[in-house]
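Just below is one structure, and these are the notes that go with it.
Nothing in this text is a laboratory measurement; each read-out follows from the coordinates by a stated rule. All figures in this text were calculated on a predicted structure; none of them were measured in a lab. All Cβ positions, even for glycine, are placed from backbone atoms using ideal geometry, and neighbour counts span all protein chains on display.
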Amino acid sequence: MIWFTKAYVYIVTKIVPSKPTDEDDESHLMFISTGILSTAELSIVQARKEIVLYSQRTQRMFGLVRDLYHETNETEFVKKFSRIQKYESISDRMEVEIATYLTKVADGRLSDESKRKIQMKLRIISEIESVADSCYNLARTIQRRNNGEIVFTEDINANVELMFNLVENDIAQMTVMLAENTLQSSDINKTKNMENEINNLRNQLKTQNIIDVNDNKYPYAMSVVYMDMIVECEKLGDYIVNVVEALADSKLYKVSK
């Protein structure tokens, strides 16, 4: 029968077509769902692929948060918020499943290098899960803004957009670095510079917020929601830096200038 494998695949595919799926909403792991591989090294490679996918899904989650911020249709807002909630649930589950897998790999005989790889990956998935938590917190703050019928001023919207742009670039950079087999020193510096930009912008906006509230440019209730979003974005940036530091501290990536 082995000689007719391709024909069987073709026939079965035609008879039982696969159902269309939204890969963004897939809740199962793609690379390590089949169990431990023959060697720890191969298993760790598969875990790395899963972590890259984990990061990519978290990146898409932040994109949904940006969409939610601008959504004015109530029905669509509920749909988008529910989808972000689903992403948060998927993120929690992925963290546990990847960590469980890595722990099983760690039970075998490993070289010192493989042990460091596993430690690094456990640290990274914890930080990525924290990024997803921040995304969900942002979504909840946006929901609170809408429930309170708070309408941000044009200046506030512009400032939030500026912060979103910085965070979005930061997440994209993190995902790229996780996907690469080498870590450039320029990438590390770029991420730290992005974090400094985020911190500086947060400090500027917090200072300006106090001035604007005192000048009655907008009510205090609005300033609270506004600042909650800015502070959460800054926390998100911290988690991303932690991922990059985990990569750099592991000394497993070739850091080139």
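Remark: the Lys190-Glu161 segment gains 8.4 nm on full extension, using 0.36 nm per residue and subtracting the alpha carbon distance. Between the stretch 68-104 and the stretch 38-57, the C-alpha centres lie 20 angstrom from each other. Loop-located GluC sites (Glu not before Pro) across the stretch 174-203 with a Cβ neighbour count of 15 or fewer within 10 Å are Glu180, with loop assigned by DSSP.
Using θ = phi - 60° in the Karplus curve 6.51 cos²θ - 1.76 cosθ + 1.60, the 3J(HN,Hα) couplings for the stretch 70-76 round to 9, 6, 10, 7, 5, 5, 5 Hz; x is entered for Gly and Pro. Quick one: pull the percentage of alpha-carbon pairs in the stretch 118-257 with a separation above 20 Å. Across the stretch 118-257, Cα pairs with separations above 20 Å total 50 percent.
When you filter the trypsin sites (Lys or Arg not before Pro) in the stretch 158-254 for DSSP loop state and at most 14 other Cβ atoms inside 10 Å of their Cβ, you are left with Lys251. Residue separation of Glu41 and Val231 scaled by 0.36 nm, minus their Cα-Cα distance, works out to 64.4 nm of gained length. Taking 0.36 nm per residue of sequence separation and removing the Cα-Cα distance, the Thr153/Gln119 pair yields an extension gain of 7.7 nm.
Residue by residue, the stretch 84-100 carries 3J(HN,Hα) couplings of 5, 4, 5, 4, 4, 5, 5, 4, 4, 5, 4, 4, 5, 5, 5, 5, 4 Hz when phi is fed to the Karplus relation 6.51 cos²θ - 1.76 cosθ + 1.60 (θ = phi - 60°); x denotes Gly or Pro.
Each part gets one Cα centre, and for the stretch 121-141 versus the stretch 191-208 those centres are 20 Å apart. Structure note, pairs Lys49/Lys104; Lys86/Lys121; Lys49/Lys192; Lys104/Lys235; Lys79/Lys190; Lys80/Lys117: Cα-Cα distances above 29 angstrom occur for Lys104/Lys235; Lys79/Lys190; Lys80/Lys117.
Taking the square roots of 5 times each eigenvalue of the Cα gyration tensor of the stretch 102-183, largest first, gives ellipsoid semi-axes of 39, 16, 6 Å. The GluC sites (Glu not before Pro) of the stretch 94-174 meeting both criteria, a DSSP state outside H, G, I, E and B (loop) and at most 12 other C-beta atoms within 10 angstrom of the site's C-beta, are Glu149.
Take the Cβ atoms of Arg93 and Asp67, set R0 to 22 Å, and the FRET efficiency comes out at 0.45.
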